[in-house]
Structure formats: structure tokens, C-alpha cells
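A short write-up of the structure that comes next.
The values are calculated or read from the model by the stated rules, or taken from the named source; none is laboratory data. Computed from a prediction, not measured in an experiment: that's the story for all the values here. Note that each Cβ is placed from the backbone with ideal geometry, even for glycine, and that neighbours are counted across all protein chains shown.
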Amino acid sequence: MAAIARKAQLVGEIIQRLLTEKQVEFGDQRLYFKELIRELEHPFYPEVVIGWIENEAHLLSVTDTVGDYSLHEPPVQQKKRIAATNENPAPAAARVIELLNQYVKLHPHERANLSLVLFNSDSSKLPQAVVNKIGTLHEDDEEVHCQIILRHTESKRLRHLYQEIIESADEDVDSYSPSEATQDFLARLRIGILVDQAAPPDPKDGCPYDVSFSQDVIARHAELDWCLEAYSPVPLDELIPPRWSRRRPAAKDDLKSIVYLCCPVQSKETWAFLTAVTTFKKGDWDGNPDARLLPVRQLDFSNSQTAQIFEETHNLANWVVNYDELLDRRQLQNQSVRIIRYKQSATQGRNLVISSKASSGLLKTMLKSRLRQLLLDLSDEDYDKLAEKLIDDANAISGDLALRAAKRGRSANELIGVVLSRYLIRHEFTGERYFGWYFLDDYAEWLGQREEQIADLMIVSPEESDDGLLISIVVSEAKFINDSSLASKKKESQKQLRDTVRRIYEALFGNPNRLDRELWLARLSDLVLDGVQFSAGQSPQVSVWRHAIRAGECKIMLRGYSHIFVHSSDFSDTNSFPLEQVENCYQEVFARKELRDLILTYWNDDNPTDVRNREFDFPPSDDDHKFLPPTSVKRKVDTISRRSSAGDISAHTPKNAPDKIEMPVRTNETLENNSSLEVTDNGIAETIVDPIDSSDGTIWAFSSLELVVNRHVEERQVTEADTEWLNQTVKQMKTGLQQFNLQAKLKSEAMTPNAALLKFEGSSHLTIDQVAKRQSEFMTTHGLNIISIQPEPGIVSIAIARPQREVVDLATIWKQWTHVKCDGNQNIAIAVQENDGSILFLDPSQKHAPHTLIAGSTGSGKSVLMQNILLGIAATNTPQQAEIVLIDPKQGVDYFQFEDLPHLGGGVIVNDQEAITRLQKLVVEMDSRYLRFKNARANNITSYNAKVDASDRMPTIWLIHDEFAEWMMVEEYKDAVSTTVQRLGVKARAAGIYLIFAAQRPDANVMPMQLRANLGNRLILRVDSDGTSEIALGVKGAEKLLGKGHLLAKLEGESSLIYAQVPLASDDFSNAIIEATIKR
């Protein structure tokens, strides 16, 4: 009655939630209700009772239930029984058909000659049930011919069983006929009897039959015993016996298998009942308050009968199937038997174990062939041993791996991949630990997924710590492929891993009100109990572990790896990246070189961590292991972070994390200064310049300027947030490239004022166009704002905008500016290059075109750039060396502070007629200078000034025209400017005359073609549209600049566009420079 009440309470709680809650999360609804039905079919209690046979008390255990009635029978076989059992054959028949289908799938040539041995079957109904199942499945298949053989080690039982089969056939006209002469479908399904024991098979011919099936054959040899268990009662209204495994923990080398006859956890009431039952067989309770006896069935595998059964069944058939409650795979492995498939029942009942002793010679040959292709430089004997080691390790995971590999070439690749993945993960953990290895195809039903469509492997490793019980779960999906299928296999592997990890994650850490949470914890507890291996000399608290897991009193780390091993000789892109849409999952791709070294490391039993991580910028195995409590929403306060063993190896240094990286800095090519870009430990680029004094010991045009510059230099501060953002951006970019099936081999990374500058190795798998096509997807999917994609020799350089840009200080840049003051300076520092952090110079006298266009919309930083150029000219030239003509239609409002500069002469020109006059005078001045050059036999201003006296030297002339587009709407002015610029275009450089024109929108109607053609340098800041960018720059791209000084330069003489940041001069600094110049 208590059991009925408890079941009603369970159902009532579910119904109440369904009726009262807005949303009920079941998890996997199909699995949830399947488990619920199975639980309700269980009697709960009592599971054992006392029965009387001839005045003697016998312990009886539950064997069947109908409704709320249960049948209890002796738990061990009666030695003298001959009659067949009456148990339901349907579950066993379903298993048989499942196995035959799998066998035919792997051995299609056996379809017309399939043979099944029912070994020591005590059920007369089982053959009939198997026949009915086969008939239903293959009614329309003319090729199927199947022979069922009955074999029993006891001849009396065999005769009795066959007699009952004949009698049942006579009683049921619709049943199969045992006669071999029947001409309908049943003629293709024959039943025979095997009396003699099977002899060892001829190695050449193999076993005579395909499959041998045994149900409870091993369990029948069990004996009744009692085990002392800890007395830890739970409340009766919390006890659900079907959720507890009946298997008792055992060491991997233990030859005994023990199964409880009742739930190992009890309430006070049920413990009292069991103690009373025990007194009938073991005497009065000894009064120990901490322990009680529980009845068990115990099987000793050192028993000669058991060993004989193992030997005969493996002589009979290629596959030996045991559908048995007591049989454990560990015992079969101790008998040197290869386990092909192991399926654990949910918590109790029979396990399915498929084993074989068939030769693996063909598989060994296939593996050796694949290993030789990697050119491992091993001897033939070593290749043999390496193949054997791979097979042994695969069998330790699941014999199904080796079985499939022997039949299908692609599965041989899978075997290598899974074994290597297991090897890598094992060494991610430190020290001696307990591990359970689970081939997930064996647990596909448990996970609610289809075989061969889920991840390959799951590793469970429990440990006791100061923080309590910690459970590490690592899911692995491996591919061993060539590069022709790389893109599709990477996606497939990602999906399989993502689906599997997400299902486990949501079950353990998702909605705390999820109905199947306790079921999943029970499953995890059973996995630890059944699969975690330990030796007899070890004493892990497995029973304590399973209690803690079920109660949620543990913390769990869940991680996933997709391991892609590429054996093609022409593939070299080893890389790693985190997967999207699931936490703590990574894909690691190993090229042939790393794959080869990993296999050699595996062969030598060395730690693979260095080889695994040497090409990774951010090795996933270095990330902390984070443990979270189940059954609750993820909270940081509940998280425990621990370093992985890979992260503890001091010898490992990430490939792109050297102490210092030096890169050339672009400066004036006429100088021989030593400059470099130093990347600090924080990964931040800093320009380091060794100053070179001029021959006369001065750097600036006026000696006082050096003091002004030094006084206004601002020290650059690198924050932890900057470093963290750079690292995160690198990870995200690599992830994005990999997900788009683009190569992601990072060569270097640095942070510029505007962006993270990432340089990837270019190849046919990573081009400028491929990245550009994905630019919007990088933004929307990965949150990466790509502002430039630039080609370099063998490099694709990608700049990603910073969320918080850095203000570049002009005084700091000038501190690094080196120039020789001989007869003035025309090489002006205008910005800091994004590419390498070096100074960008405008050199109209030699390197670049003599005339320049500056364009930029409001807020782009155009005025700041113009002012910097003015300051640069004034600070590095005396009024005798440089003359400035400044024209501003805006009445000079941006240049009030420059009006008193001695270089400016007549001040700022704000009238268009005056501007036309000044432009025309420049042409006259140019012609005049050429006459002087002729007389002095000089070909340019530099040569002329070097020949004449100081009093006769001519200054360079800088005409700077801001907002010229405003007056270009006036036809007279437009014609005057176009004519003047056209005349100055070719001859002005030699004469030392340089033009700089600036406008917000240099549209076609204000910038005629002849004017555009003569302004060879383009300094373009952010513009309003891609059309304006094309007019100003010749290409699109300036419309994507960030503004506030973000510059895109197209300089004559440079091979490509240059991204840069214009520095900002503070008012104090500008005023101090101008004041020092005026005083001089």
C-alpha cells in the first residue's frame, strides 16, 4: 500500500505541475516518460520477501509484476530444475533482432546464410518469439536465410526444451514449423539442435556460426550472499528504488560480480523490514547502528563452469552476446575477450554485452598502411606494435570501434582519431586519477540521440577535494581525414559535439525546475559506478560518490573537444578555436606535421601537451577547469576554477607569445635611424625610436622646442582590460575564420590606437576577398567590426575596431620624431600607422607627390590634421626655410592661434580675390625660381640653396587651402585654381612649392579631373559615402573609417593604402609651440 501511495504521489505531483505552471520543461519528453513508465512498473517495495518451502524459510526476490501485484521467486537457480522457464521472451527477442540487423549491416555477405545459436536457453518461448520477429522484419526480403541452433550444455534440458517447442507448434497452427521441408518463408528460417560441445575453430575458417545469444546463462551460476552496507536511511517519501543501480562497485581486476537483490538505499521503515527478513537467514541483528546486511547475488568468475561457458560460446560464433544481469565487461576483459558492444540497462536488469575473439589481422594491416603513409621512420616490427597498441586502446574504449574499423576503411580512420583524442584528454589531467571511458554510440539511447550521429567519446573522472566531490566530464568527437573533406568534416564534427554537449549541459545546469534533472543525475551516478576503473588495491569511495551525485552535492566540469587530424601532406594549418553556441567547447585541427609528432609521442608513451599546443596561440587545454553545481542556475559564487595539467607545464610557451617582437618602423628613408615596434608582454604595440641628432646637434628649428615637447609628453598606460580585449578578439577572430572554413594561422597580433591588428598567414584558404565577403557576418555573428583588410607579402592583415579608442598625443609622437635639420625639413610627421605603430610621414619634396588632397566630413579630424601639418612645418623650419600661405574661406576661425606665426607672412587669406592673386603669384614665383636655378646651374631648390650664400637661399613654400570646395562653386575661382594647379603640377616640386587642398566633400563638380589628377597624395579621413570615398581616394573604404582622426592615406610612391591615426595636440601644447616659435 505504501508503494501504491508513493507512485500516486509521483503522478499527482506531475499532474499538478502540468495544470498549474505556465510552462513545464521535461527535457527530452520521450525519454522522461519512458523512464517514468519504467519506474511505475517497478513494485518499489518490498523487493525481497520470505517464502516457505517444506517448512524452511527461503529468500524470494521480485521477478515480475502485473499492475500492483508482484511475483517473487528464488533469486538463484534450483539445481534440479528441468522444466522451461515462463518468463516474457519479448525483450530478449527484440535484442536478438537488433543484433542480427547490426551483424548483417557489417557483414552483408552473410545475409543469405545467417546463423544464430541460442545457448543454454531455458525458455521454450524465446525461439518462437525470435522467429516471429525475423518473419515480421523480412517478409518481403527473399535473400534472407536464417538458421537457429539450440545448444545446451545439459542434454536433459535440451531434450525437454525441444519437446516443448514441438508441442507448442502442434497447439498453434500459426506458429513456425520445425520441419526443414516447409516451402513457404519458414523454410528459409530453420531450427536445429546442437548436442556436442563446440571444438576450437580452425583459424583459417573461423567460427562455424555468426551469433551466439545467451540470456542469464552466467547469472544462473550465482549464489545467494549478504553484504554489509552503511545504514544511511532517507525519508520514505523521497525514496524511488527504480532509480538506483543494483550493481555493487567492483575493481577492474575483481573476478567477482555482485548485484543487490533490492535497492541499496532504504528508508527507516524499509530498513526495519529488511533487517527482520535478514534474521530468518542470518540470525538476529547484531545491533550495529551504522551498518546492516543486504541480500545479494554473487558470481565468481574463477568458477570452472563459467570459464567453460566463455570458451565454448566463443568457439561457436563470431559474436557472443550475453543478455545478463550479473555479467560485467570487466570480467570478460579479464578473460582476454574483446568487448564489441556494451549496453547498460538504465539502473537495474540485464546488461547487453557483445564480445568476440575473432582475429584482428585485417584491421592491423589496414592500420599499418595508414601509419606508413605518415612516414614515421619506424621499423616493420615497431609498425606492428604501434598498430597493436592502437587496437588495444580502442578495445579498452569499445570493441565496436575495432569491429567497424575491420569492416570499413573509414572506420579505421575513426579508430585512430578516437584513440589519439583519448590520449590527448588523458594528459590534460594531472597525476594518478580515476577514469571512466565511454563510447557514446553504446549510450546513444541513454542520450536520446542516434548512433554515429553523436560525439565519439565521453570521459568521466571523479576526484575528492577540499571543495567536496568534483566530477570532470569531457566529451570528444574525432575525425582522421584528408584535407579534401576538411570543410565538411569540420562542420559535421562541430555539430555532433555541440549537440551532445548541449544536451548534457542543459540536463545538468539548465532550468533548475527541469523535471528530468534527477534522472540525469541518476544516470551520471550509474556511469561512475559502472565505468570508472580502479584496481583491487585502491579504495575509492564509489558508493559515497554515487550518493553525492544523485543528491547534487558535487560540482561538475563539462568540456568538449572536436579533434580533427589531417593526414594530407600539403595541409599545414594547425589551429584551435572555441565553438559558438555552446560553452567550453573547442575545435583543434592538427596538420600532418603535428599529427605525425603526436603519434610518435603516443608510441613513446610521452606527454603530448607540448606537441599538442605548440602551434596554438591560445591552447584550450590551458584554460581553467571550471566546476559548477548541478540542479541550479549557473552562478559565479558557486564556481571553482582549477588549472588543467596542460596549463601547469612551464615548458610550454604559446607560439605567438614571445618576450619581445621587433618589427621595422616606417620612417624617412633618407635617414639611417634604428626604429622598431616593440610588443610588450601585454601584447600592446609601442614605437621605440633611437633619436639621431643632426650634425649640428639640434633636432628642432628652435632650441626651446625640445623642452616644450618633453614637458608635454604623456606616458602611455596599458590596462589589463586592453590586454584582455586583445586576447578575446584574437580568439573570436580565429573562431570566426574557422567557422567560415577559412585558414586561421595567426602570425602576430598587436593593439593600435584604433584596433586590434591581427596578421594571418595568407593562402588559397585565406584571401583578402574571402574575408571581405564575410565582413558583415563577422560583425553580426561575432561582434567584430573589421575596419581594414590589407595584403602584405604572405600575410592577410586584419584590423578590428577597439570598443574604446586610444587618444594619440602629438607631443608623444614628436618625442619619437627624428629629423636632420640641415636646410629646413619637408618630411612632416602626420599620423601613427595602424600597420606597425610607426610614424606616417608626408614627404612632398622627394618620396611622395608634391601636392596633396585632404578630405573628411564633420568630426572626422580634418582640422586637427591641418593644424598638425602647420605645427610640424613651423617647428622644424625657420621662417627663412619655410613660408606658409594659408587660405581659409571660413574667415580663418580654425587658425586664429596661427596668425602670428612668422612663417605665415601676411596672415590667413580669407578673401577669394586675394586668394586668386596669391595663387597667380605662386606661378610667377615658380618661373622666377627656375631662372635662378638656370643661372646657378642647379636643378632644384635643394641644389640651389647648397650653392648660394645663406642670404640668397630660398624658402620652400607651403600653400594650404582649407575648404576650397566653397569657392570652387564660383566659376572664376574654379578656373583660376584649376589653371594654377595644372601649371604648378609638374614643375612645383623642384621649385620647392607644395600645395595642400582640403575639403569636406570633394565632389566631382567642385574637383575637376585636371585638379584631381595633380593632387597625387590623398589623406582621407571619414567621409559620408562610398561615392565620396571613390572620388577622394579612388576606392571605397573611407566611409568605414572611425572618425576623430582615423586616416586612410594613398601616397604616391607607396605600394598600398595606409591606415593611420592622426594625433591630437592639446591647446596647451599648440600654444606653447607657437609661442616658442614667435619668440624666436
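Some observations on this one:
- Within the stretch 1051-1064, the set of residues being assigned to a loop (DSSP other than H, G, I, E, B), touching a helix residue (DSSP H, G or I) at 6+ places or on another chain (Cβ under 9 Å) and surrounded by fewer than 21 Cβ atoms within 10 Å (Cβ to Cβ) comprises 1057 only.
- Condition check for residue 454: part of a loop (DSSP other than H, G, I, E, B), surrounded by 21 or more Cβ atoms within 10 Å (Cβ to Cβ), β-branched (Val, Ile, Thr) and within 21 Å of the chain's Cα centre (by Cα): yes
- Subset of the stretch 102-124 (residues that are in contact with a strand residue (DSSP E or B) (Cβ under 8 Å, 6 or more places away or on another chain), crowded, with 17+ Cβ neighbours inside 10 Å, outside any helix (DSSP H, G or I) and not aliphatic (A, V, I, L, M)): 115, 119, 120, 121, 122, 123
- The residues on offer are 11, 66, and the sole one that is exposed (fewer than 14 other Cβ atoms within 10 Å of the Cβ), in contact (Cβ under 8 Å) with a residue 12 or more places away in the chain and either of a type in the set (Ser, Thr, Tyr) or outside the structural domain of residue 506 (by TED's automatic domain parsing) (or both) is 11.
- Flag set for residue 727, criterion: within 24 Å of the chain's Cα centre (by Cα), surrounded by 15 or more Cβ atoms within 10 Å (Cβ to Cβ) and either closer than 19 Å to residue 829 by Cβ or modelled with pLDDT of 75 or more (or both).
- Test for residue 795: is it surrounded by fewer than 19 Cβ atoms within 10 Å (Cβ to Cβ), touching an Asp or Glu at 6+ places or on another chain (Cβ under 9 Å) and among the hydrophobic types (A, V, I, L, M, F, W, C): yes
- The stretch 104-136: number of residues that are in contact with a His (Cβ under 6 Å, 6 or more places away or on another chain) and within 21 Å of residue 153 (Cα to Cα): 1
- Output for the stretch 859-889, where each listed residue is more than 21 Å from residue 1066 (Cβ to Cβ) and part of a loop (DSSP other than H, G, I, E, B): 877, 878, 879, 880, 881, 888, 889
- Qualifying residue in the stretch 914-924 (condition: part of a helix (DSSP H, G or I), hydrophobic (A, V, I, L, M, F, W, C) and surrounded by fewer than 16 Cβ atoms within 10 Å (Cβ to Cβ)): yes
- Enumerated strands (runs of 3 or more DSSP E) restricted to the stretch 530-621, each holding at least 2 residues that are closer than 30 Å to residue 350 by Cα: 555-566
- Every pair of residues 6+ apart whose Cβ atoms lie under 6 Å, when the first sits in the stretch 802-818 and is not assigned by TED's automatic domain parsing to the domain that holds residue 843 while the second is among the aromatic types (Phe, Trp, Tyr): 811/1069
- Just one of the listed residues (433, 498) is free of Cβ contacts under 8 Å to residues at least 60 places away in the same chain and either buried (at least 22 other Cβ atoms within 10 Å of the Cβ) or not β-branched (Val, Ile, Thr) (or both), namely 433.
- Filtered residues of the stretch 261-285 (kept if within 20 Å of residue 543 (Cα to Cα) and part of a helix (DSSP H, G or I)): 268, 270, 271, 274
- Residue 292 meets all of the listed conditions (1) under 19 Å from residue 222 (Cα atoms); (2) part of a strand (DSSP E or B) but one, namely (1).
- Applying the condition of being farther than 16 Å from residue 788 by Cα and of a type in the set (D, E, K, R) to the stretch 735-760 and asking which residue is surrounded by the fewest Cβ atoms within 10 Å (Cβ to Cβ) yields 747.
- Yes/no for residue 201 being surrounded by 14 or more Cβ atoms within 10 Å (Cβ to Cβ) and at pLDDT 85 or above: no
- Test result for residue 780, surrounded by fewer than 18 Cβ atoms within 10 Å (Cβ to Cβ) and out of contact with any His (no Cβ under 6 Å at 6 or more places or on another chain): yes
- Test for residue 948: is it farther than 23 Å from residue 978 by Cβ and either among the aliphatic types (A, V, I, L, M) or in contact with a helix residue (DSSP H, G or I) (Cβ under 8 Å, 6 or more places away or on another chain) (or both): yes
- The listed residue being over 18 Å from residue 851 (Cα atoms), at pLDDT 85 or above, assigned by TED's automatic domain parsing to the domain that holds residue 857 and out of contact with any His (no Cβ under 6 Å at 6 or more places or on another chain), out of 915, 936: 936
- Close pairs (8 angstrom Cβ cut-off, 6 or more residues apart or separate chains): surrounded by fewer than 20 Cβ atoms within 10 Å (Cβ to Cβ) in the stretch 986-997, part of a helix (DSSP H, G or I) anywhere: 987/926; 987/930
- Enumeration of residues in the stretch 34-54 that are part of a helix (DSSP H, G or I) and either among the β-branched types (Val, Ile, Thr) or closer than 14 Å to residue 445 by Cα (or both): 34, 35, 37
- Flag for residue 852 being hydroxyl-bearing (Ser, Thr, Tyr) and over 13 Å from residue 1049 (Cβ atoms): no
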